[in-house]
Amino acid sequence: MERTGAEILLNTLSEEGVSEIFGYPGASTLAIHDCINETGIKHLLVRHEQAAAHAADGYARATGKVGVCIATSGPGATNLVTGIATAYMDSTPMIALTGQVTTGLLGSDAFQETDIIGITMPITKHSFLVQDVRDMASTVREAINIATSGRPGPVVIDLPRDVLAARCNDDEEGGGGFLEQQEIHFGEEELRRLKQIARLLNESERPVLLVGGGVKLSQAFTELADVIQKGNIPFVTTMMGIGSVYTPNGFNLGLIGTHGTDLANRIVHQSDFILAVGARFSDRTTSVIEEFAPLATIAQIDVDPTSIGKNIKTDISVVSDIRVALQELLGLVTEKKREDWIARIDRERERIAKEGSDDGCGPAGECIRMVQECMPEKTIAVTDVGLNQIWAIRSWKVKIPRGLITPGGLGTMGFSVPASMGARIGAIDHEVVVFTGDGGFFMNIQELATIGFYNIPVKIVVFNNGNLGMIRQIQHHFYNSRYRDSRLSDLVDITEIAKGFGIPSEKVAAEDPRKGIEKLCGSEGPFLLEVVVDENNYVYPIIPPGKSNVEMIYGRSE
Amino acid sequence: MKNEVKEHVISMLVNNRPGVLARVAGVFGRLGYNIESLCVAETISPKVSRITSVSKADPAFTEKVKKQLNRLVDVISVAELEDDTSAKREMMLIGITIDEKNRPELSRAITMFGCTVISMKDSYCILQVVGNRGDVETVLNFLTPLGVKDIARTGAVALESGA
Ligand SMILES: Cc1ncc(C[n+]2csc(CCOP(=O)(O)OP(=O)(O)O)c2C)c(N)n1
Ligand SMILES: [Mg+2]
């Protein structure tokens, strides 16, 4: 059978299980758009390529499958860059297809030629330029394999226009032939090390599990829960680790680090053993690294050798798929009550509850709790960046795997709305709620058109504080309340904008949001709720720059 | 970080395909790891190339660079070669014009250091020197006063000794 490069590309994607692509066309990718419907893949036309990348990212985070986006050469491709970088930082399996000028014109500064492979080299796991149609199928397969295996990440496939148009018979296709991605092998050495970790864990008196984003990526949800239950081990999560495990019995001490809870940070500080699973000890997690968990022996399990000992010196580590390692670990962990440790944590928890030091999200946080109560359990929360993000991750109690999506690594404002589209399209039997600030909302506001056009039933909550709130809070504490360039305005009528895009909308005050929340949760299709928040509704506690995780500033949000 | 700068030889096996060197160089460049020499060529498998780099750096820094190199999809293996467990050689080509004045010293040097004359055009000759870095530099130091016009060095290639 003879097919064009574009057909081979799409057929191969489809064989690999891809059913949706988010994108935006241009002359150099038209060969793909021309036959996309015939291949059974659905293309969703966004309104800006950045949104295509975030949507593919959200799709992948919500489903665990690879997300795919497409853009044309030149400006289309460069518009993807922020989305690719976001996916890279959070290890999302993603394929970014980019159009490219014909091979003969490469390097001639042709119209809409950019070296997208060069531009994205530091923010992709890998990239390919397909120079021969006979390599198309094998390249696509290899790209998906790379994007999804080991520590996942985005892969760019750059597609010259002539290669997409070229025809090729099945029997002419090359078989690829470069090394398969190495399977991460769990062998004797790994087992030996894991046994050592288990022994340290079993002997420890005040252990804490540190759960990172790697648990989600290796789908180790039940394995992790089993280990926690069997060993009675309290756990904390990094921002990316939120939504990896739900234990109703209070083992979850919450988020640690810069925006973490008082409880999580204090308990980690007191612990004598920390086992990190799929966490890289980023600066957001540890704050001042020298003062992080000073009493603890630190063990680490990660699939990515680069992440081991990268930021913190670990005492023992295993390179392994997390799921495999946790399955093994379960057999090695002894059942233990740890009554003293649990009692000590409970006392700390009571003290904190009495002082109210972990309730620092103010009315905005209360609002998020009310939204969650109103929504079915199978709801995914997608956050933007800023105060809204911290309110959401602190207030939304994640009860399902992949129940919270947040751009933790890059902190990309404008992520939430487009990512929610991808999440909702991918996780068809889930509801999706967005929490965003006004600043971030404006950054990809055009996607309301996409949401309206496809009638994607996402529920959007815009916390309108008229400010770049998180920046304002930093200025308040560390720049003597000089609020320079952080004031947006309250001149924009967000609900009218939503209505202009064909999306029903309401406006409420954070102190009295019930009516609006009921409408939001009750709506069949998309809905936008604008929640007016006081500009001094900050988030507490926070860790000042250059301070350790237990030197937090407390405060009260009015 | 303790600052005990020493010479590090990193030997990598990589897929032999376009763009791989750029990725490897990208890691060096992004981390600010300065390369003294770099050598790239095919191995016995045409699908695989060996890249040998030499740098002066802190061991901890080198460790970090090695980890990031390992992370590249096209990098098959990364090893650091130590002096006592590896063999290391480099080659230098030296261009020099022969005249009546330097002729006796030059021929003495050629026999003494075992250089090979690989090209002679009019009175311009190119000498080849192979050895470890010290050997090569000794020859260069000796010849420089005689009027060396140009040199090209490969930088080190190295293999682990005892397979
Ligand atoms: C694209 C981008 N630009 C700038 C920043 C820096 N930044 C972090 S939080 C923030 C303020 C966000 O304001 P808003 O979206 O209104 O959220 P709020 O903090 O008010 O909830 C800014 C500007 C960023 N994270 N991303
Ligand atoms: Mg705001």
**Asked** Any idea which of A:Ser395, A:Pro457, A:Met370 is furthest toward the positive side of the dipole for the stretch A:362-532, if Lys and Arg beta-carbons carry +1 and Asp and Glu beta-carbons -1?
**Response** A:Ser395
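What translational diffusion coefficient, in µm²/s and rounded to a whole number, does the Stokes-Einstein relation yield for the stretch A:290-363 at 25 °C and a viscosity of 0.890 mPa s, taking the hydrodynamic radius as the Kirkwood radius over Cα pairs? All intermediate terms of the calculation are to be shown ahead of the outcome.
Values: Rh = 15.8 Å.
The calculation lands on 155 µm²/s.
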**Fill in**
Counting all Cα-Cα pairs in the stretch A:362-532, those more than 22 Å apart amount in percent to 37
**Asked** Cα-based Rg (one decimal) and Dmax (whole number) for the stretch A:35-162, in Å?
**Response** 13.7, 41
**Request:** Using only atoms on other chains, find how many Cβ atoms lie within 10 Å of each Cβ of peptide B:68-77 and report the average.
**Result:** 4
**Prompt:** Hull surface divided by four, with the convex hull built on the Cα atoms of the stretch B:87-160: how many nm²?
**Reply:** 4.7
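Determine the equivalent ellipsoid of the stretch A:106-207 by diagonalising the alpha-carbon gyration tensor, then write out the semi-axes as square roots of 5 times the eigenvalues, largest first, rounded to whole Å. Kindly include the intermediate steps, with their values, before the conclusion.
Details: eigenvalues 362, 71, 14 Å².
Value: 43, 19, 8 Å, ordered largest first.
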**Asked** Counting other Cβ atoms within 10 Å, which trypsin sites (Lys or Arg not before Pro) in the stretch B:67-111 have at most 13 and lie in a DSSP loop?
**Response** B:Lys101
**Asked** Given the protein assembly as shown, what percent of its DSSP beta bridges are antiparallel, to the nearest 5?
**Response** 45
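Near A:Asn444, within a Cβ-to-Cβ distance under 13 Å, what is the net charge of the other residues, with Lys and Arg +1 and Asp and Glu -1? Before the final figure, lay out the partial values.
Values: positive: A:Arg47; negative: A:Glu49, A:Asp57, A:Asp384, A:Asp438, A:Glu447.
Surrounding charge for A:Asn444 is -4.
Looking at the stretch A:262-335, which GluC sites (Glu not before Pro) are in a loop (DSSP not H, G, I, E or B) and have at most 11 other Cβ atoms within 10 Å?
Working: sites: A:Glu290, A:Glu291, A:Glu328, A:Glu335; in loops: A:Glu335.
In loop regions of the stretch A:262-335 (DSSP not H, G, I, E or B), the sparsely surrounded GluC sites (Glu not before Pro) are A:Glu335.
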**Item:** Centre separation in Å (Cα based) which lies between the stretch A:434-495 and the stretch B:127-146
**Value:** 67
**Request:** State the Kirkwood hydrodynamic radius of the stretch B:6-81 in Å, one decimal place, computed from all pairs of distinct Cα atoms.
**Result:** 12.2
**Fill in**
Farthest towards the positive end of the dipole of the protein assembly as shown, among A:Asn252, B:Thr111, A:Ala110 and with Cβ unit charges of +1 on Lys and Arg and -1 on Asp and Glu, lies the Cα of A:Asn252
**Message:** Check which residues have an amide H placed less than 5 Å from A:Leu97's amide H, if you skip close sequence neighbours.
**Reply:** A:Cys69, A:Ile70, A:Ala71, A:Ile157
**Prompt:** Could you work out the helix-only [θ] at 222 nm for the protein assembly as shown, with each DSSP H run of four or more residues adding -39,500 (n - 2.57) and the total divided by the number of residues, to the nearest 500 deg cm²/dmol?
**Reply:** -10500 deg cm²/dmol
**Message:** For the stretch A:362-532, what does the relative contact order come out to in percent, with C-alpha contacts under 8 Å and a separation of six or more?
**Reply:** 23
**Message:** What does the net charge come to around A:Thr63 if you take all other residues with beta carbon closer than 13 Å to its beta carbon, with K and R at +1 and D and E at -1?
**Reply:** +2
**Request:** Quick one: angle between helix B:103-113 and the longest Cα principal axis of chain B, in degrees between 0 and 90, rounded to 10, please.
**Result:** 40
**Complete:** Averaged over residues of A:122-129, the number of beta carbons from other chains lying within 10 Å of each residue's Cβ is 3
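Tell me the total accessible area that B and A bury against each other, 1.4 angstrom probe, in square angstrom rounded to 100. Could the numbers behind the result be given before it?
On the way: alone 9770 and 22170 Å², together 30370 Å².
Buried: approximately 1600 Å² between A and B.
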**Message:** Amide H of A:Thr102 versus every other amide H placed in the peptide plane: which residues, excluding those fewer than 5 positions away on the same chain, fall under 5 Å?
**Reply:** A:Arg161, A:Asp162
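What ranking, highest mean first, results for peptides A:430-443, A:184-197, A:508-521 when packing means the other Cβ atoms within 10 Å averaged over each residue? Please report the intermediate quantities before stating the final value.
Numbers: A:430-443: 25.4, A:184-197: 15.0, A:508-521: 17.3.
Result, highest mean Cβ count within 10 Å first: A:430-443, A:508-521, A:184-197.
Mind pulling up the Rg/Rh value for chain B? Radius of gyration and Kirkwood radius, both on Cα. Can you show the working numbers first?
Numbers: Rg = 18.6 Å, Rh = 17.7 Å.
Answer for chain B: 1.06.
Normalised by the empirical 2.2 N^0.38 Å for globular proteins, what value does the Cα Rg of the protein assembly as shown take? Before the final figure, lay out each step's value.
Values: Rg = 29.3 Å, N = 721, 2.2 N^0.38 = 26.8 Å.
Ratio of Cα Rg to 2.2 N^0.38 Å: 1.09.
Per residue, what accessible area does the protein assembly as shown have, given a 1.4 Å probe and all protein chains present, in Å²?
42
Strictly over 24 Å apart at the Cα level, which of A:Lys42/A:Lys507; A:Lys216/A:Lys515; A:Lys313/B:Lys67 would you flag in this model?
Details: A:Lys42/A:Lys507 34 Å; A:Lys216/A:Lys515 35 Å; A:Lys313/B:Lys67 15 Å.
Exceeds cut-off: A:Lys42/A:Lys507; A:Lys216/A:Lys515.
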**Request:** Scan the stretch B:66-163 for GluC sites (Glu not before Pro) in coil per DSSP, keeping those whose Cβ has at most 12 other Cβ atoms within 10 Å, and list them by number.
**Result:** B:Glu82, B:Glu100
**Request:** Find, to one decimal place in angstroms, the Kirkwood hydrodynamic radius of the stretch A:9-90, where the mean of 1/r is taken over every pair of different Cα atoms and then inverted.
**Result:** 12.7
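How big is the Cα convex hull of the stretch A:188-355 in projection, averaged over all directions, in nm²? Display every interim value, and only then the final one.
On the way: hull surface 34.5 nm².
Averaging across all directions leaves 8.6 nm² for the Cα convex hull.
Quick check of the Kirkwood formula: for the stretch A:400-458, what is the inverse mean of 1/r over all pairs of different Cα atoms, in Å?
On the way: mean 1/r = 0.0837 Å⁻¹.
11.9 Å is the Kirkwood radius here.
Helix by helix through chain A, keep the DSSP H runs that span 20 Å or more along the axis on Cα and average at least -1.0 on Kyte-Doolittle, and give those back in order.
Values: long enough: A:49-63 (21 Å, -0.53); A:188-203 (22 Å, -1.06); A:339-355 (24 Å, -1.57).
Span-like helices, by this rule, are A:49-63.
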**Item:** Lys, Arg +1 and Asp, Glu -1 on Cβ, resulting dipole of chain A about Cα centre, debye, nearest 20
**Value:** 1540
**Request:** For every other residue with a beta carbon closer than 10 angstrom to the beta carbon of A:Ser486, add +1 if it is Lys or Arg and -1 if Asp or Glu, then tell me the sum.
**Result:** +2
**Prompt:** Nearest 20 debye, what's the magnitude of the dipole of the stretch A:188-355 about its Cα centre given +1 on Lys and Arg Cβ and -1 on Asp and Glu Cβ?
**Reply:** 220
**Request:** Calculate the mean, over all residues of peptide A:303-311, of how many other protein chain Cβ atoms lie within 10 angstrom of the residue's Cβ.
**Result:** 3
**Request:** Would you please give the residues with an amide H less than 5 Å from that of A:Phe273, counting only those at least 5 places away or on a separate chain, with H modeled from the backbone geometry?
**Result:** A:Arg206, A:Val208, A:Thr297
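The values are calculated or read from the model by the stated rules, or taken from the named source; none is laboratory data. Just so it is clear, the structure is predicted and the values come from calculations on it, not from any experiment. All Cβ positions, even for glycine, are placed from backbone atoms using ideal geometry, and neighbour counts span all protein chains on display. For accessibility, only protein heavy atoms count, side chains too; no ligands or nucleic acids. Shrake-Rupley method; radii C 1.70, N 1.55, O 1.52, S 1.80 Å.
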